[in-house]
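Taken together, the values in this text are just the output of simple stated rules run on the coordinates, not laboratory data. What you are looking at is a predicted structure, and each value in this text was computed from that prediction instead of being measured. So basically every Cβ, Gly included, is an ideal-geometry build from the backbone, and we count neighbours across all protein chains shown.
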Amino acid sequence: MYRIRFHGRGGQGIKTASRILGTTLFMEGFEVQDGPRYGAERRGAPMFAYVRASMEPIQERGIIRLPDLVIVTDDSLIPIPAAGVLTGVAERTVLLINSDEEPGLWRERLALAGPILTLPAAAHAPHINTQLTSVLSTGAAANLIGVISRRTLEEAIRKELAPLGAGAVEVNLENGLKAFDLTVVLKGSVREGGKTQAASYDPPDWIDLPFEEAAISAPAIHATATSERVKTGVWRTMRPVIDYSLCNRCWWICSTFCADGVIRVDEEGYPRIDYEHCKGCMICVAQCPRHAISAIPEHGEDTGERQE
Amino acid sequence: MNEPKFRYMKDLPSARLLGSGTAMCAGCGGLQALHGIYDILGEKTVFINAAGCMTLLSVYPFTPFRGSWLYTSMASAPAGAQGVRDGLDILLEKKRISTEEDLEVVVLTGDGAAYGMGLSSTSGAIERDLDFLYICYDNEGYGNTGQQFSGATPHGARTATSKGPRGFTGFKKDLFSIWAAHRPAYVATIAGAEPLDLANKIEKARNLKGPRLLIAIAPCPTGWDYRPEDSVDIGKLAVRTGIWPLKEYIDGKVVHTKIPHPRLPVEEYLKRQGRFAHLFTPAPDTALIAEIQARVDGYWKGVV
C-alpha cells in the first residue's frame with residue numbers, strides 16, 4: 001500500500017492536491033482513500049491531507065503514521081513541531097520539499113538518512129486564487145510513485161479542477177505536468193509500504209485520566225483567555241515590522257484595526273506586535289498612515305529584529 | 001443631545017480584553033468587530049454563542065473570553081440567553097449574587113443564525129422583552145462551511161451555492177428593519193472598520209435595558225475572496241459606498257449615524273472582492289452593477 005502525506009498551509013490547495021493524486025491512482029486501478037484532516041484550521045494554519053492507495057481493499061483508517069512519501073508544500077512548516085511534518089519519517093520515506101535549498105542541506109539540517117528531494121520551481125510559485133501552490137508537488141509526486149502515467153495525471157487535473165474554470169485548469173495543468181517532467185529521472189523512487197497490523201502500532205501519546213464526577217469532568221474552563229496558549233504566530237508567512245523611527249504613536253489605528261487584537265500599546269504609547277499570536281494578516285501594514293509598518297518574509301535574509 | 005463617550009479614535013480603549021490565539025481566519029472582520037465590542041462590554045458578560053465560525057473561539061480547553069461562554073445550536077441562542085438571564089435573576093432574587101456580580105447576557109451569532117434559523121427565537125425573545133444584547137457578525141453567507149448563501153447574502157455575490165453568471169439571485173434581507181419592527185429597546189448596524197461609531201453604539205446599548213440588537217458587517221477574506229490585509233478597507237468602503245448604512249433605532253426612530261458624503265460608486269466596493277469578480281470580467285456586467293447602484297441610491301433617497 002502507498003501511504004502519502006501532504007503538509008501545507010490552509011489555502012495552498014492541499015486538500016485539492018490530495019484529491020488529484022488520489023484520482024490519478026484510482027484511474028490507474030488502485031483502491032484509494034484521500035482526504036484532508038479537518039479541524040479548526042484556517043488560511044495560513046499548518047494542515048495535512050493524506051492518500052492511501054492499494055491494489056487490495058484498504059482496511060486502514062485514520063491518519064497516516066508511517067508514510068512512504070511526505071510532501072511539504074511550504075518549507076517553513078518543517079521546523080514547527082505542531083505541524084508534525086517529520087512524524088513517522090523513516091529511512092525508506094521519501095521527503096519531497098518545495099524549497100530552493102539543496103537536498104543535502106535539508107539532510108544535514110534534519111539529520112535524516114532517507115531520500116530528500118526538493119522542487120525549487122515550487123518554492124516561489126505565486127499563489128493566486130486559480131493557481132494552486134500544491135499542484136506542482138502533485139505532479140512531482142505522481143512521477144515519484146512511478147505507477148502513474150503523464151496522461152492519467154493530465155486527465156485527473158482536468159477532472160478535479162473543472163469547476164474552477166478553463167483558465168484555472170490550463171495554468172494548473174501546465175505547472176503539474178512541468179513538475180512531472182522535471183522529476184522523470186526519479187520515477188518510481190517511492191516504494192510501497194508493507195501491511196501493518198493493529199498489534200504492531202505504537203500506542204499514541206495519550207494520557208489516561210481516571211473517570212471523574214460530572215462536576216469535575218464536564219468541559220468547563222475555569223481560567224480566562226486561555227486561548228493565548230495557542231501560538232497562532234505559526235500561521236504567518238510574512239511578518240509585519242514596525243519602523244519606530246517613523247511611528248508617530250497613533251496606536252488607535254493599528255491596534256484597533258488588528259483583527260486579532262495582538263498589537264498592544266506600551267507605556268510610552270508605542271504599538272508592540274505580539275509575534276507569538278500575530279497571524280500575519282497585514283491589516284496594520286495596509287492601515288498605517290505613515291507607512292511605518294512593512295511586511296517582510298518570515299523565512300528570509302531580513303528577519304532581523306528591526307522592531308528593537 | 002447626548003455627548004458621545006468616545007469623541008476621537010484615541011479615546012478608544014486599548015485594553016484588548018479578548019484573548020488572542022483563536023482559530024478565526026487571519027484578517028477576520030468579525031473578530032475585529034468583536035474585540036472592539038468586548039473591550040467595551042468587559043468581562044462581566046456571558047456569551048451565548050450559536051453554531052457558526054465563532055463557535056471556534058472557544059474550543060476546549062481554550063477560550064478567548066474572560067467570562068462565561070455557552071454554546072447553542074444555530075436556532076436557539078436567544079432561548080439560551082433567556083435561560084441564563086432567568087438563572088441570573090433567580091440568583092439575584094435569592095441574594096446568592098449581588099447586583100455587582102450580575103452579568104450582561106450577550107448572544108453572538110453569525111448571519112446564518114440571525115437572518116435565518118434563529119429569527120424565530122429572536123422574535124420570541126424580543127416579544128418577551130428579554131434583557132439581553134444580540135450581536136450578529138454578518139459575513140453574508142455560511143462562512144464556516146465554505147460560504148454557501150444565507151439570508152444575508154447580497155444580490156449578485158458568488159457563493160459556493162450561487163455559482164451562476166449572475167451570482168446569488170436573491171436579495172439580502174433587511175434584518176435591521178425586521179428587528180426594529182418588533183420595537184425593542186435598541187437596534188443598530190456597526191462595522192469594525194468604523195471603530196468610533198461601533199464603540200459609541202455598544203456603550204449606548206450597554207446602558208439600556210431590554211432587547212438590544214446589533215449587526216456588524218464582517219468582511220471575510222476567505223468567503224468574499226480578497227487578501228486578508230484588505231479587510232478594513234473593504235469595511236470602510238461598505239460604509240462609504242452606502243451599501244452598509246450605519247444607523248440605529250432608538251425610541252421608535254431610526255437615525256443614521258454616518259451619512260457618506262460623497263457617496264462612492266458601488267464598484268469601488270464590489271471590484272475589490274473575488275465574489276463579485278464576474279461583474280467585471282471577462283466583460284463588465286454594467287446592467288447588474290447599475291441595478292445594485294440603483295438599489296443603494298433608492299435607499300438613500302429615502303433617508304436624506
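Where does helix A:14-27 land angle-wise versus the long Cα axis of chain A, in degrees 0 to 90, nearest 10? Here the helix axis deviates by roughly 10 degrees. Annotation: amide H of B:PHE168 within the under-5 Å range of B:GLY156, B:ALA157, B:ARG158, B:THR159, sequence separation 5 or more or interchain, hydrogens built in the peptide plane. Placing unit charges on the Cβ atoms only, positive for Lys and Arg and negative for Asp and Glu, gives the stretch A:237-298 a dipole magnitude near 200 debye about its Cα centre. Taking every Cα-Cα distance in the stretch B:9-301 and sorting them into 10 Å bins from zero, the calculated P(r) comes out as 6, 29, 37, 21, 6, 1, 0 percent. Inter-chain Cβ neighbour count for A:15-25, averaged per residue, equals 0 (cutoff 10 Å, partner chain atoms only). Annotation: amide H-H contacts under 5 Å for A:ARG239 (H modelled 1.01 Å from N, sequence separation of 5 or more, or interchain): A:ILE296, A:GLU298. Angle, helix A:134-145 long axis vs. longest principal axis of chain A, Cα atoms, 0 to 90°, nearest 10? It is inclined by approximately 30 degrees.
Amide H contacts of B:LEU214 (H built 1.01 Å from N, in plane; Pro and chain starts excluded): B:TYR134, B:ILE135, B:CYS136, B:ALA188 sit under 5 Å, all sequence-distant by 5 or more or on other chains. Reported to the nearest whole Å, the Cα centre-to-centre distance from the stretch B:101-156 to the stretch B:1-60 is 16.
Each Cα pair of the stretch A:230-297 feeds into the Kirkwood radius, which the Stokes-Einstein equation turns, at 10 °C and 1.306 mPa s, into a diffusion coefficient of 135 µm²/s. Put simply, when A:166-175, B:104-113 are sorted by average Cβ atoms within 10 angstrom per residue, most first, you get B:104-113, A:166-175.
About the Cα centre of the protein assembly as shown, how large is the charge dipole given +1 on each Lys and Arg Cβ and -1 on each Asp and Glu Cβ? Please answer in debye to the nearest 20. Don't jump to the answer; show the numbers that get you there.
Details: 66 positive and 71 negative charges, 248 e Å.
For the protein assembly as shown, the charge dipole is close to 1200 debye.
Using the structure shown, list the pairs from A:LYS15/B:LYS163; B:LYS44/B:LYS172; B:LYS10/B:LYS163; B:LYS173/B:LYS236; B:LYS44/B:LYS301; B:LYS44/B:LYS258 with a Cα-Cα distance above 32 Å, or answer none. Distance filter (> 32 Å) returns B:LYS44/B:LYS172; B:LYS10/B:LYS163; B:LYS44/B:LYS301.
Contact order, relative form, for chain B: 17 percent (alpha carbon pairs under 8 Å, 6 or more residues apart, mean separation divided by residue count).
Report, in cubic angstrom per residue, the convex hull volume of the C-alpha atoms of chain A.
177 Å³
Rounded to whole numbers, the Karplus 3J(HN,Hα) couplings from phi for the stretch A:43-50 are 3, x, 6, x, 8, 9, 9, 9 Hz, using 6.51 cos²θ - 1.76 cosθ + 1.60 with θ = phi - 60°, and x at Gly and Pro.
What does the charge dipole of the stretch B:9-301 about its Cα centre add up to, to the nearest 20 debye, if the Cβ of each Lys and Arg holds +1 and the Cβ of each Asp and Glu holds -1?
Numbers: 32 positive and 31 negative charges, 68 e Å.
About 320 debye.
Looking at the protein assembly as shown, the DSSP beta bridges with both ends there are about 45 percent antiparallel. Shown for chain A: cysteine residues without a partner Cβ closer than 4.7 Å, namely A:CYS247, A:CYS250, A:CYS258, A:CYS278, A:CYS281, A:CYS288.
Per-residue ellipticity at 222 nm computed for chain B from its helices equals -9000 deg cm²/dmol, with DSSP H segments shorter than 4 residues left out and the rest contributing -39,500 (n - 2.57). Taking the longest Cα principal axis of chain B as reference, the axis of helix B:286-301 is set at about 50 degrees.
I'd like to know which of B:ALA181, B:GLY27, B:TYR299 lies farthest towards the positive end of the charge dipole of chain B, counting +1 on Cβ of Lys and Arg and -1 on Cβ of Asp and Glu. Selected residue: B:TYR299. Of B:GLY36, B:PHE276, B:VAL59, which is farthest towards the positive pole of the stretch B:9-301's charge dipole, taken about the Cα centre with +1 and -1 on the beta-carbons of Lys, Arg and Asp, Glu respectively? Result: B:PHE276. In chain A, a dipole from Cβ-located charges (positive for Lys and Arg, negative for Asp and Glu) runs towards its positive end, and of A:ALA141, A:VAL185, A:PRO57 it is A:PRO57 whose Cα lies farthest in that direction. Considering only beta bridges that DSSP places wholly inside chain A, some 65 percent are antiparallel. The convex hull defined by the C-alpha atoms of the protein assembly as shown has an orientation-averaged projected area of 30.9 nm². Please state the relative contact order of the stretch B:91-156 as a whole percent: Cα pairs under 8 Å, 6+ residues apart? With pairs under 8 Å counted, the relative contact order is 34 percent. Comparing the stretch B:77-233 with the 2.2 N^0.38 Å rule of thumb, its C-alpha radius of gyration ratio is 1.15 (two decimals). The helix-based estimate of mean residue ellipticity at 222 nm for chain A, built from -39,500 (n - 2.57) per DSSP H run of four or more residues and divided by its residue count, is -7500 deg cm²/dmol to the nearest 500. Contact order for chain A, expressed relative to its length and based on alpha carbon pairs under 8 Å spaced 6+ residues apart, stands at 15 percent.
Averaged over its residues, how many other protein chain Cβ atoms are within 10 Å of peptide A:277-287's Cβ atoms?
Mean shielding by partner chains, rounded to a whole number: 6.
Scaling the Cα radius of gyration of the stretch B:234-304 by the globular reference 2.2 N^0.38 Å produces a ratio of 1.23.
What's the average, rounded to a whole number, of partner chain beta-carbon atoms within 10 Å of each residue's beta-carbon in B:8-17?
Details: counts 1, 5, 7, 1, 4, 2, 10, 3, 11, 3.
For peptide B:8-17, the averaged partner shielding equals 5.
Once you reduce the stretch A:52-109 and the stretch B:192-248 to the center of their Cα atoms, the two points are 43 Å from each other. In the Gaussian network model of chain A, springs joining C-alpha atoms below 10 Å, which of A:ARG19, A:ARG52, A:ARG109 carries the largest mean-square fluctuation? Taking springs between Cα atoms under 10 Å, the residue moving most is A:ARG109.
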